[in-house]
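Asks: Can you read through this structure? Questions will come right after.
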Amino acid sequence: MSISTLSKITVPLDSNQSASNQGLLMPKLQYRFRVSLENFGVSTPTTELTKQVVDITRPNLSFETTTIDVYNSKVYLAGKHTWETVTLTLREDVSNNVQKLVGEQLQKQFDFFEMSAAASGSDYKFVTRIEITDGANGANTVNVLETFELYGCYIESANYNQLAYQTSEPVTVTLALRYDNAIQTPQGTGVGTAVGRTVNTLITGGGA
């Protein structure tokens, strides 16, 4: 039989806006995710990295402040934006697959043996895809709830961390990824949604 009291485990809402009791929605869970890197390194498949992900930070966005001084007052506008670096931690494997791919990507950015730099960003930049899933696996089809796609990525820093006798933890490498832009897909569900630009009630522009 149903337990009707469970529908009351939520925040009571204004009856003019929604049902007063509607139950708590299932949250997205932090450990149900996967990360894929497209055009990372040289070797294939790069899914070796997907299998060895420990954790990753989600994109953080900030806007610079533009200050307009007017007579006795100040007006503040949103200036240029900055996408903060994303931190990706990978477990290293005994076959050196992770180490090899990371090394290849670093070599694409800069040849450390010949001391030779890449000619342009397109020679080494890659796409990072962070997907939150519903937890399905095996015979059950995985449904992706949300995707952040990071474009124009490169490794800003690589930390090979430490070795220690007093721990039983696996060896890891931590990458700080810098990127040019981030869009949530499917479009219309977050960053990247088409929004009309308005002045009072007049739409003056739009675009994705």
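The values are calculated or read from the model by the stated rules, or taken from the named source; none is laboratory data. Since the model is a prediction, treat every value here as computed from it, not as a measurement. Neighbour counts run over all protein chains shown; Cβ positions are idealised from the backbone, glycine included.
Asks: Please indicate, with yes or no, whether at least one residue in the stretch 118-126 is free of Cβ contacts under 8 Å to residues at least 60 places away in the same chain, outside any loop (DSSP other than H, G, I, E, B) and touching a helix residue (DSSP H, G or I) at 6+ places or on another chain (Cβ under 8 Å).
Replies: Yes, the stretch 118-126 contains at least one residue that is free of Cβ contacts under 8 Å to residues at least 60 places away in the same chain, outside any loop (DSSP other than H, G, I, E, B) and touching a helix residue (DSSP H, G or I) at 6+ places or on another chain (Cβ under 8 Å).
Asks: Filter the stretch 127-176 for residues that are modelled with pLDDT of 95 or more and at positive phi and give the result.
Replies: GLY152, ASN161
Asks: Can you list residue pairs whose Cβ atoms sit under 9 Å apart, with the first residue in the stretch 39-60 being closer than 19 Å to ASN137 by Cβ and the second being among the acidic types (Asp, Glu) and assigned to a loop (DSSP other than H, G, I, E, B)? Count only pairs 6 or more apart in sequence or on different chains.
Replies: Filtered contacts from the stretch 39-60: GLU48/ASP93; LYS51/ASP93; GLN52/GLU92; GLN52/ASP93.
Asks: To continue, here is another question. Taking the stated definitions as given, is GLU104 under 18 Å from THR47 (Cβ atoms) and surrounded by 11 or more Cβ atoms within 10 Å (Cβ to Cβ)?
Replies: It is true that GLU104 is under 18 Å from THR47 (Cβ atoms) and surrounded by 11 or more Cβ atoms within 10 Å (Cβ to Cβ).
Asks: Let me ask another. What is the residue count in the stretch 93-116 for residues that are in contact (Cβ under 8 Å) with a residue 12 or more places away in the chain and either at positive phi or assigned to a loop (DSSP other than H, G, I, E, B) (or both)?
Replies: Here the count works out to 1.
Asks: Residues in the stretch 30-82 that are under 30 Å from GLN99 (Cβ atoms) and aliphatic (A, V, I, L, M): how many?
Replies: Number satisfying all stated conditions: 7.
Yes/no matrix, rows are residues, columns are (1) under 30 Å from CYS153 (Cα atoms); (2) charged (D, E, K, R); (3) in contact with a strand residue (DSSP E or B) (Cβ under 6 Å, 6 or more places away or on another chain); (4) modelled with pLDDT under 75:
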position: MET1; (1), (2), (3), (4): no, no, no, yes
position: SER15; (1), (2), (3), (4): no, no, no, yes
position: LEU29; (1), (2), (3), (4): yes, no, no, no
position: PHE33; (1), (2), (3), (4): yes, no, yes, no
position: PRO45; (1), (2), (3), (4): yes, no, no, no
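Asks: Please indicate, with yes or no, whether at least one residue in the stretch 77-92 is in a strand (DSSP E or B), exposed (fewer than 11 other Cβ atoms within 10 Å of the Cβ) and in contact with a Phe, Trp or Tyr (Cβ under 6 Å, 6 or more places away or on another chain).
Replies: Yes, the stretch 77-92 contains at least one residue that is in a strand (DSSP E or B), exposed (fewer than 11 other Cβ atoms within 10 Å of the Cβ) and in contact with a Phe, Trp or Tyr (Cβ under 6 Å, 6 or more places away or on another chain).
Asks: Then there is this: Tally the residues that are more than 16 Å from ARG34 (Cβ to Cβ), surrounded by 12 or more Cβ atoms within 10 Å (Cβ to Cβ) and not small (Gly, Ala, Ser), restricting the search to the stretch 141-169.
Replies: 8
Asks: Moving on. Only one residue in ASP111, ASP69 is surrounded by 11 or more Cβ atoms within 10 Å (Cβ to Cβ) and either at pLDDT below 95 or over 23 Å from the mean Cα position of the chain (by Cα) (or both). Which one?
Replies: Being surrounded by 11 or more Cβ atoms within 10 Å (Cβ to Cβ) and either at pLDDT below 95 or over 23 Å from the mean Cα position of the chain (by Cα) (or both) holds for just one of ASP111, ASP69, which is ASP111.
Asks: Under the condition of being surrounded by 10 or more Cβ atoms within 10 Å (Cβ to Cβ) and of a type in the set (Ser, Thr, Tyr), which residue from the stretch 177-207 is modelled with the highest pLDDT?
Replies: TYR179
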